[in-house]
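Just below is one structure, and these are the notes that go with it.
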Amino acid sequence: LEWLDPQAGERILDLGCGTGLCGPLLAPYKRYMTGIDLSPEMLKRAAKRGCYDELRMAELQQYLRKRDPAGLDVIISADTLIYLGALEKTMLGVRNALKPDGIFVASVEKLENPEEDYVLGMSGRFQHSRGYLERLASENDLSISSIREEILRKEAGEPVHGFIVEYQLA
């Protein structure tokens, strides 16, 4: 979380917050934090963490499209974009929602084949290529501050490789 300033009082959006696992990590940096998710049950669990100022049931692309533009300092999307194939609309929404110099941090599963943008994996989740993530950045006035390969989680005892990407609005 070195990209967050504890003194800044950030306006944060947890895009696909699920049970709110990221909430406690982000709370010390927030002025106001919103979590969105499709599942009311997940939102109930996130509410129990007590760190969100607002929780909304919404589809992420629709939420980004309908919110006031250029108001967020930070958008985080942990283990959410793996449920989307094409990310063009999501990236456009993120770009429009961020303030100048705003930050978007996302995790995605790694696609090994650089010839493809994304594929639906055997797990039922999408994998995205590094080249696709880089192209989306340039098409949306975002620069990549960092892109790291990480083990995101284990499934059936096997590591799931992915990228943690930090974008910044130019």
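Per the Debye formula on identical point scatterers at the alpha carbon atoms of the chain, with no solvent, log10 I(q)/I(0) at q = 0.13, 0.17 Å⁻¹ is -0.60, -1.07. Across region 21-170, the relative contact order, built from alpha-carbon pairs under 8 Å that are at least six residues apart, equals 19 percent. Which of 145, 9, 169 sits farthest toward the positive end of the charge dipole of the chain, with +1 on the Cβ of Lys and Arg and -1 on the Cβ of Asp and Glu? Looking along the dipole axis, the top candidate is 9. Relative to the Cα centre, the charge distribution of the chain, modelled as +1 at Lys and Arg Cβ and -1 at Asp and Glu Cβ, gives a dipole magnitude of about 680 debye. Over region 110-170, Cα pairs under 8 Å with separation of 6+ residues give a relative contact order of 29 percent. Annotation: amide H-H contacts under 5 Å for residue 38 (H modelled 1.01 Å from N, sequence separation of 5 or more, or interchain): 58. Put a plus charge on the Cβ of each Lys and Arg, a minus charge on the Cβ of each Asp and Glu, and nothing anywhere else: the dipole of region 68-161 about its Cα centre is then about 160 debye. The label-point distance for residue 156 and residue 32, in a model that sets each label 7 Å from Cα toward Cβ, rounds to 4.6 nm. Per residue, the convex hull spanned by the Cα atoms of region 95-170 measures out at 91 cubic angstrom.
Restricting attention to region 32-104, lysine pairs at least eight places apart or on different chains and with alpha-carbon atoms under 26 angstrom apart total 4. Using θ = phi - 60° in the Karplus curve 6.51 cos²θ - 1.76 cosθ + 1.60, the 3J(HN,Hα) couplings for region 86-103 round to 5, 10, 4, 5, 5, 5, 5, x, 4, 4, 6, 8, 7, 6, x, 6, x, 10 Hz; x is entered for Gly and Pro. From its DSSP helices (H runs of at least four residues, each -39,500 (n - 2.57)), the chain gives a residue-normalised ellipticity at 222 nm of -6000 deg cm²/dmol. Couplings for region 118-130, taken from phi via the Karplus curve 6.51 cos²θ - 1.76 cosθ + 1.60 with θ = phi - 60°, read 7, 9, 7, x, 4, 6, x, 10, 8, 10, 10, 7, 4 Hz in order; Gly and Pro are left as x.
Read-outs: derived from the displayed coordinates by stated rules, not from any lab. This structure is a prediction, so every number in the text was calculated from the model and none was measured. Glycine also receives a Cβ, built like all others from the backbone with ideal geometry; neighbour counts cover every protein chain displayed.
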